[in-house]
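The values are calculated or read from the model by the stated rules, or taken from the named source; none is laboratory data. Values in this document were obtained by computation on a predicted structure and should not be read as measured data. We place every Cβ from the backbone using ideal geometry, glycine too, and count neighbours over all the protein chains shown. Surface accessibility is based on the protein's heavy atoms, side chains included, excluding ligands, DNA and RNA. Shrake-Rupley method; radii C 1.70, N 1.55, O 1.52, S 1.80 Å.
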Amino acid sequence: MKKTTPSLVILLLTFLLTRSVSFAQYNEVWIPPIQDASSYNLNIYDTIKQLVPTGNQTVTIGINGDFWGPTLVLHQGQNVQMNVTNYLNDSTTVHWHGMHLPAVMDGGPHQVIPPGSTWSPYWTVNNRAGFYWYHPHLHSMTAEQILKGMGGFLIVQDSEESALNLPRTYGSDDFPLVLTSRKFSSSNQIVLTDAYGDYMLVNGTRNPKLTIPKQLVRLRILNVENERGFDLGFSDNRNFTIIANDGGLLNAPMTVNRVKLMVGERIEILVDLSNETIGSTLELMAYNANQAFGFPGGEPNTTGAFGSLLNNTNFNVLHLVIGNPTQTPVVGIPSVLSNQTYWTESQATVNRTIQVTGGQPGIPFTLNNSSFALNTINYHVQLDDVEKWTLVNNQIFGHSFHIHDVQFKITSRNGSAANVGSHEQGWKDVVYLPRNENVTFVCKFNDYSDALHPFMYHCHFGQHEDGGMMGQFVVDQTNSLSELAVEKLILKPNPVEDKLFLIGLDDPEQVYYIRIFDQLGRTMYMLPKPNLTNGIDVSKLPSGNYLLELTDQQTKSIHKLRFIKK
Amino acid sequence: MKQILLSFLVFFISSHSYTQSNQLGKEIIPFSMQVVNGPNISISDWSNYQGIALVFVCNHCPMAKLYWKRMQEMFERNQGRKILVVAVNPMDSLLYEEETRTKMQLKVKKEKITLPYVQDGDQSISQSFKIPHTPHCIFLWKDNKHWFVRYEGAFDNNGLHPDEAEPYLQNAINQLYSGENPTLPATESFGCRVFYRKV
Ligand SMILES: [Cu+2]
């Protein structure tokens, strides 16, 4: 009897310990690898990840990984070249969310990348320093591909932000966080049809914890929920400081203890942890209980298409554990961050009103009663125009409105500038449009015109966008470029081994698009406005016969040239 | 003009929706299958078999890739029981260079695969079973000279860890072999969607 007691105690202890461990088991949050280069290769794969702790793996989409892609650093004023290769079973697109760039590089629903092909857009970065992201935008497939984990962060750097004394050591005192949730089927697969997830994922990590240094830290937060908004705050109700949102630094820091972050929105906050005890903990929370009717995620249901275990509750988003400070902590918050002059409503020469329509049971939401159609241009915007857009939502639910190409200034909510939130003072590319409200923003459509290729505006809720709550506009101007003199165009050398040159072009600007197909018609390369001075690199193509299709900038007519790869 | 031109940039291979097929109980008339393992091999005479497991897989799908070893073992394990295990490639080889007959033959040779690997060149077999994605299994069982679908769904329930998996397909085969009905005649499967070429 005496002899058995200790082993029993040990057994009991082991049992209790393993139980408590499995209950409070946090996983250190994954910080995507950061890359700083002028050219990036993004390889998109179908893959799997253990997202449910036990049992089968979950089918995901990875970009150079198994869920979410690398963080890419872009420098204002410099060129960036992207080579996006689609190894997925399905087509996709990659959109550079928040970037100001030519429409043909934007990665919207028209820049479809078929399986097995490489899309190579490039542009000169002219966004302000800030926290942007990339994600798929294939019409009717966006929700599914984002839910499977396809996306990544973009961090733009510029001289203004770099000159400020702010935490910016990636993964050390500066942390990127993508907040999202997932619901899983009985076989551990992501449920693609419902509006909300049941389990939070931060950077794809379930039950996440972040060990964070005892000092002033910077959190860059992005909401990539399907629909849910987050009313973010800390478990001790502490104040924190907003320094930037979608389009970069605010003019002055804003101190708050709550901030609403809706789908597609970004926020950069500073949190002072210098007075904490090492080893102590803090929760980043979503205070989503008792939100106003129409707040996405405020529904009472816990199951079903609009149900979730996280609905209408306050829940833990990220468990923070205070760790050792870094060697050179940043101290103090600059009182002035930037000196932006924003557009005002009186500067606008064109006014547009967009109504939220549809949304009755069984009917998808639409904009101005028209569902998205790939071949319908909803608006023609003149280059350099300043426009005022008013979004009106008399429907039953809130939405996250996003427009491509520009950063805008929110000038009023429900007719008053005073209603614009302190967290949405800077440049924005997404705006929350609550139920029974309207919002007005002003923006300028400068730099990039293209009579053919449109930019999108849409609700950023996956299923709303896929359901047709999207429209498109082109930015027009009269074009003075000459037409191609087609008859003298030839490809050299032919047969070719590595670099293929286009001979007979007077002006490389004449070429709008080049696509290369193999003998069976599979797309190999998609090159928007290619830089042809150094030739086209075809060294990776297998030997065989190929077709090069060239689209004329001026007439948009297509010319076909053949070549042989040795 | 503009609108016609706009559409040239758009190349879709699919629409969004697909549904899990439900083939259970369906009677199947024996059909011929072209095997790539050697020259001019086909499986057309089913009379020597009591059961045929069709495992729809392919070369490029990462989920399907996890199952080749397990399929080969199942093929060997069931040979003495007049039960044939066949790998069937439902993918459109025009769409995926990786799924051509040449690439299938290369795989069989390189990985020493002896279980028959069938190219469903016109996708007719896959289409008749409404195969939604790879991997996906159909088990056919002969009852009084008639063939019926008696199991449909996943191979097992753990892609990465075979030792932790519940072997759904093998269990169904075993139960039918010993004269019982499968406890789990249908399970949820998932993987790389099969796109059917429009004709
Ligand atoms: Cu919406």
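How about the range A:112-128: which of its residues are in a loop (DSSP other than H, G, I, E, B) and either more than 24 Å from A:Glu225 (Cα to Cα) or outside the structural domain of A:Gly197 (by TED's automatic domain parsing) (or both)?
A:Pro114, A:Pro115, A:Gly116, A:Ser117, A:Ser120, A:Pro121, A:Val125, A:Asn126, A:Asn127, A:Arg128, listed by residue number.
Among the residues of the range A:342-357, count how many are in contact (Cβ under 8 Å) with a residue 60 or more places away in the chain and either within 16 Å of the ligand (Cβ to nearest atom) or of a type in the set (A, V, I, L, M) (or both).
3
Just for strands (runs of 3 or more DSSP E) wholly inside the range B:82-199: which have at least 3 residues that are among the aliphatic types (A, V, I, L, M)?
By residue number, B:83-89.
Is it the case that the range B:133-147 has a residue that's open to solvent by 60 Å² or more (accessible area, probe 1.4 Å) and within 23 Å of B:Arg197 (Cα to Cα)?
No, that holds for no residue.
Taking the range B:179-197, which residues are open to solvent by 80 Å² or more (accessible area, probe 1.4 Å) and within 14 Å of chain A (Cβ to nearest Cβ)?
B:Arg197
Can you tell me which residue among A:Gln407, A:Gln382 is within 16 Å of A:Trp427 (Cα to Cα), touching a residue at least 60 places away in the same chain (Cβ under 8 Å), away from chain B (no Cβ under 14 Å) and not aromatic (Phe, Trp, Tyr)?
When all the criteria are applied, what remains is A:Gln407.
Among the residues of the range A:450-457, is any within 14 Å of the ligand (Cβ to nearest atom) and within 23 Å of the chain's Cα centre (by Cα)?
yes
For the range A:310-366, enumerate the residues that are assigned to a loop (DSSP other than H, G, I, E, B), within 30 Å of A:Gly298 (Cβ to Cβ) and touching a strand residue (DSSP E or B) at 6+ places or on another chain (Cβ under 8 Å).
Within the range A:310-366, A:Leu310, A:Gly359, A:Pro364 meet the criteria.
For residues in the range A:67-101 being within 14 Å of chain B (Cβ to nearest Cβ) and touching a Lys or Arg at 6+ places or on another chain (Cβ under 9 Å), which is nearest to A:Phe372 (Cα to Cα)?
Across the range A:67-101, the extreme among qualifying residues is A:Asp90.
For the range A:421-433, check the following and say yes or no: at least one residue is within 16 Å of the ligand (Cβ to nearest atom) and either within 14 Å of chain B (Cβ to nearest Cβ) or over 23 Å from the mean Cα position of the chain (by Cα) (or both).
no
Mind listing whichever residues of the range A:518-555 are of a type in the set (D, E, K, R), within 22 Å of B:Glu98 (Cβ to Cβ) and facing chain B (nearest Cβ under 10 Å)?
If the condition is that a residue be of a type in the set (D, E, K, R), within 22 Å of B:Glu98 (Cβ to Cβ) and facing chain B (nearest Cβ under 10 Å), then A:Asp518, A:Arg522 are the ones that fit.
Looking at the range A:367-392 only, could you name the residues that are more than 16 Å from the ligand (Cβ to nearest atom), within 14 Å of A:Ile354 (Cβ to Cβ) and open to solvent by 10 Å² or more (accessible area, probe 1.4 Å)?
Once the filter is applied, which keeps residues that are more than 16 Å from the ligand (Cβ to nearest atom), within 14 Å of A:Ile354 (Cβ to Cβ) and open to solvent by 10 Å² or more (accessible area, probe 1.4 Å), the range A:367-392 yields A:Asn378, A:Tyr379, A:Lys388, A:Thr390.
Return the only residue of A:Leu550, A:Leu520 being closer than 22 Å to A:Pro114 by Cβ, part of a strand (DSSP E or B) and not assigned by TED's automatic domain parsing to the domain that holds A:Thr92.
None of the other options fit; the residue is A:Leu550.
Okay, residues lined up against (1) modelled with pLDDT of 95 or more; (2) touching a strand residue (DSSP E or B) at 6+ places or on another chain (Cβ under 8 Å):
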{"residue": "B:Thr134", "(1), (2)": "yes, yes"}
{"residue": "B:Ile138", "(1), (2)": "yes, yes"}
{"residue": "B:Asn144", "(1), (2)": "no, no"}
{"residue": "B:Asn174", "(1), (2)": "yes, no"}
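Return yes when A:Ile190 is within 30 Å of B:Ala165 (Cα to Cα) and touching a strand residue (DSSP E or B) at 6+ places or on another chain (Cβ under 9 Å) and no when it is not.
Against the criterion (within 30 Å of B:Ala165 (Cα to Cα) and touching a strand residue (DSSP E or B) at 6+ places or on another chain (Cβ under 9 Å)), A:Ile190 qualifies.
With closer than 30 Å to A:Gly359 by Cβ and touching a residue at least 60 places away in the same chain (Cβ under 8 Å) as the only criterion, which of A:Tyr196, A:Tyr170 stands out?
None of the others qualify; the one that does is A:Tyr196.
I need every pair where a residue in the range A:41-63 that is within 11 Å of another protein chain (Cβ to nearest Cβ) and aliphatic (A, V, I, L, M) has its Cβ under 9 Å from the Cβ of a residue that is in a loop (DSSP other than H, G, I, E, B) and surrounded by fewer than 18 Cβ atoms within 10 Å (Cβ to Cβ), sequence separation at least 6 or different chains.
Close Cβ pairs satisfying both conditions: A:Ile48/B:Leu160.
For the range A:502-517, which residues satisfy the criterion of being within 22 Å of A:Gln554 (Cα to Cα) and in a strand (DSSP E or B)?
A:Leu502, A:Ile503, A:Val511, A:Tyr512, A:Tyr513, A:Ile514, A:Arg515, A:Ile516
Exactly one condition in (1) within 16 Å of the ligand (Cβ to nearest atom); (2) open to solvent by less than 30 Å² (accessible area, probe 1.4 Å) is false for A:Gln395; which is it?
All conditions pass for A:Gln395, except number (2).
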